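Enquirer: The structure that follows is given in the form of structure tokens.
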Amino acid sequence: MELKEASTTFGLPSKVIARMENEGLISLPLDDAGINALSVLGRLWGRTWFVAESLRSIKGARERGMLLLFPDHDKIDRYILNTFLGETNLRNLSSEVVRYRVNRAFGMEVEMEKIRRLRKIAVDIRRKKLKFQLGKLNLSYADILGL
């Protein structure tokens, strides 16, 4: 079973299945173990109690907020965004310093282009250019994060 067919069969977003493959949790085409795993996940996906319990393991309202606002970003991306958003003057924080901090905290090298892209997102949040749409309601990311 390939990605699109699995997504339709189990009612899961194809991005989730692709990420599970990238992290080595399943392999495509799906074998019996992968089918079983996606079957269970498909039954749990979107259930309020499951999402609530998953979020409960994340400490702090700001971390939960960052996860909900930036689901496509990984832990390191959210760390970089938090670093930029926590700095009072972004001009005083160089990309090299952020790169060093990530290396010390996670033991990973981050591309400068990625850091620059995340800096721009942080600047847009601070300037209240990024909006979060919830139905007919438009909220600024800065207001949600309390900046």
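The values are calculated or read from the model by the stated rules, or taken from the named source; none is laboratory data. Note that the structure is a prediction, hence the values are computed from the model and not measured. For neighbour counting, all protein chains shown are included, and Cβ atoms are generated from backbone atoms with ideal geometry for every residue, glycine included.
Enquirer: Answer with yes or no whether Ala18 is more than 24 Å from Lys131 (Cα to Cα), over 17 Å from the mean Cα position of the chain (by Cα) and assigned to a helix (DSSP H, G or I).
Expert: no
Enquirer: Grab the helices (runs of 4 or more DSSP H) fully contained in segment 28-83, keeping just those with 2 or more residues being over 28 Å from Met1 (Cβ atoms).
Expert: Because the criterion is at least 2 residues that are over 28 Å from Met1 (Cβ atoms), the helices (runs of 4 or more DSSP H) in segment 28-83 that meet it are 48-56, 61-69.
Enquirer: Restricting attention to segment 113-132, which residues are in contact with an Asp or Glu (Cβ under 8 Å, 6 or more places away or on another chain) and among the charged types (D, E, K, R)?
Expert: Within segment 113-132, Lys114, Lys128 qualify.
Enquirer: So which residues in segment 41-81 are surrounded by 15 or more Cβ atoms within 10 Å (Cβ to Cβ) and within 19 Å of Glu109 (Cβ to Cβ)?
Expert: Once the filter is applied, which keeps residues that are surrounded by 15 or more Cβ atoms within 10 Å (Cβ to Cβ) and within 19 Å of Glu109 (Cβ to Cβ), segment 41-81 yields His73, Ile76, Asp77, Arg78, Tyr79, Ile80, Leu81.
Enquirer: Within segment 56-86, can you find the residues that are of a type in the set (S, T, N, Q) and closer than 19 Å to Ala142 by Cβ?
Expert: Within segment 56-86, Asn82, Thr83 meet the criteria.
Enquirer: Those residues that are of a type outside the set (Lys, Arg) and modelled with pLDDT of 85 or more, I need them from segment 58-84; list them, please. So that I can check it myself, show each step before the final result.
Expert: The initial filter retains those residues of segment 58-84 that are of a type outside the set (Lys, Arg), namely 58, 60-61, 63, 65-74, 76-77, 79-84.
Scanning segment 58-84 gives His73, Asp74, Ile76, Asp77, Tyr79, Ile80, Leu81, Asn82, Thr83, Phe84.
Enquirer: Right, something else. Mind counting the residues in segment 91-147 that are in contact with a strand residue (DSSP E or B) (Cβ under 8 Å, 6 or more places away or on another chain), surrounded by 10 or more Cβ atoms within 10 Å (Cβ to Cβ) and outside any helix (DSSP H, G or I)?
Expert: Of the residues in segment 91-147, 6 are in contact with a strand residue (DSSP E or B) (Cβ under 8 Å, 6 or more places away or on another chain), surrounded by 10 or more Cβ atoms within 10 Å (Cβ to Cβ) and outside any helix (DSSP H, G or I).
Enquirer: In addition: Any residue at all in segment 94-101 that's outside the structural domain of Gly11 (by TED's automatic domain parsing), within 28 Å of Lys4 (Cα to Cα) and modelled with pLDDT of 85 or more?
Expert: No, every residue in segment 94-101 fails to be outside the structural domain of Gly11 (by TED's automatic domain parsing), within 28 Å of Lys4 (Cα to Cα) and modelled with pLDDT of 85 or more.
Enquirer: May I ask you to list pairs of residues, at least six apart or on different chains, whose Cβ atoms are under 7 Å apart, with the first in segment 125-137 being assigned by TED's automatic domain parsing to the domain that holds Gly86 and the second being among the β-branched types (Val, Ile, Thr)?
Expert: Listed by first residue and then by second, the contacts come to Phe132/Ile144.
Enquirer: Would you please list the contacts, defined by Cβ atoms under 7 Å and residues six or more apart or on different chains, that run from a residue in segment 61-79 that is without any contact (Cβ under 8 Å) to a residue 12 or more places away in the chain to a residue that is of a type in the set (Ser, Thr, Tyr)?
Expert: none
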